[in-house]
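The values are calculated or read from the model by the stated rules, or taken from the named source; none is laboratory data. Note that the structure is a prediction, hence the values are computed from the model and not measured. Here the Cβ is made from the backbone with ideal geometry for all residues, glycine too, and neighbour counts use every protein chain on show.
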Amino acid sequence: MSKKSIGKRLSDFFLAPPEIDLEDLKELIGEDDPVLIKVPTISCTHKPRAWIDRNAFFRTILMLTTKRVLILKNSSRVNVLRDIELDTITNHKFASTKNKGLKLEIKTVDAEDVIMFHQQYKKEFEELSRKFEEVMKTTLELSIEERETFFCMYCGVKIPAASVFCSSCGKKVR
Ligand SMILES: [Zn+2]
């Protein structure tokens with residue numbers, strides 16, 4: 001029997017990040033969407049527009065990839081509790097305060113997620129914040145590019161607005 005107090009054992013339990021099976025993950029997110037960072041959370045409160053579906057998940061892992069934010073839990077296999085695509089995010093905010101802890105708020109058109117982190121992971125939280133800003137910037141640029149396209153009048157393939165020649169059929173489009 002360990003000499004650790006119950007309080008200490010409980011806090012170890014809550015601080016130990018749940019493990020994630022990487023093979024399971026590859027299946028979930030595919031090879032073309034690398035994981036940028038993983039940070040253990042205290043909780044994730046999911047508030048959809050329909051408040052009745054409000055839900056809270058505890059002791060999860062937040063994973064940031066190049067395309068999405070995942071809230072995961074590892075039980076017998078990886079469980080995806082939240083899958084937020086970066087291009088659906090309308091607003092986000094990182095907040096770090098002494099008494100209120102480390103908090104990330106993510107707003108999408110139909111929901112809001114509030115994710116709390118333990119002070120122990122302050123360094124990871126800060127790294128997450130940096131990577132998040134970077135990847136959101138890329139996502140925004142990509143979606144602008146995506147919007148600025150048109151269809152080739154000869155072959156119908158979608159091409160960037162700045163094109164002079166169609167990348168598919170090679171005909172001059174302007
Ligand atoms: Zn064409």
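Within the stretch 141-162, residues that are more than 11 Å from Val173 (Cβ to Cβ) and small (Gly, Ala, Ser) reach no partner that is near the ligand (Cβ under 9 Å from one of its atoms) and not in a helix (DSSP H, G or I) with beta carbons closer than 6 Å at six or more positions or on different chains. From the list Lys137, Lys122, the lone residue that is modelled with pLDDT of 90 or more, farther than 30 Å from Ala50 by Cα and assigned to a helix (DSSP H, G or I) is Lys122. Scanning the stretch 35-61 for residues that are out of contact with any strand residue (DSSP E or B) (no Cβ under 8 Å at 6 or more places or on another chain) and aliphatic (A, V, I, L, M) gives Ala50, Ile52.
In the stretch 134-174, which residue that is of a type in the set (Phe, Trp, Tyr) and in contact with a strand residue (DSSP E or B) (Cβ under 9 Å, 6 or more places away or on another chain) is nearest to Phe94 (Cα to Cα)?
Restricting attention to the stretch 134-174, the residues satisfying the condition of being of a type in the set (Phe, Trp, Tyr) are 150-151, 154, 165.
From what is left, the residues that are in contact with a strand residue (DSSP E or B) (Cβ under 9 Å, 6 or more places away or on another chain) are 150-151, 165.
Numbers: Phe150: 37, Phe151: 39, Phe165: 43 Å.
Out of the qualifying residues, it is Phe150.
Could you please let me know if Ile159 is among the β-branched types (Val, Ile, Thr), closer than 30 Å to Lys100 by Cα and outside any helix (DSSP H, G or I)? Judged against the criteria, Ile159 is not a match.
When the stretch 79-107 is filtered for residues that are assigned to a strand (DSSP E or B), among the β-branched types (Val, Ile, Thr) and within 16 Å of Leu64 (Cα to Cα), the ones remaining, listed by number, are Val80, Ile84, Ile89, Ile106. Within the stretch 121-174, the set of residues being away from the ligand (no atom under 14 Å from the Cβ), more than 20 Å from the chain's Cα centre (by Cα) and surrounded by 12 or more Cβ atoms within 10 Å (Cβ to Cβ) comprises just one member, Glu145.
If you filter the stretch 95-113 down to residues that are closer than 17 Å to Pro40 by Cα and crowded, with 16+ Cβ neighbours inside 10 Å, you find that the one that is nearest to the chain's Cα centre (by Cα) is Ile106.
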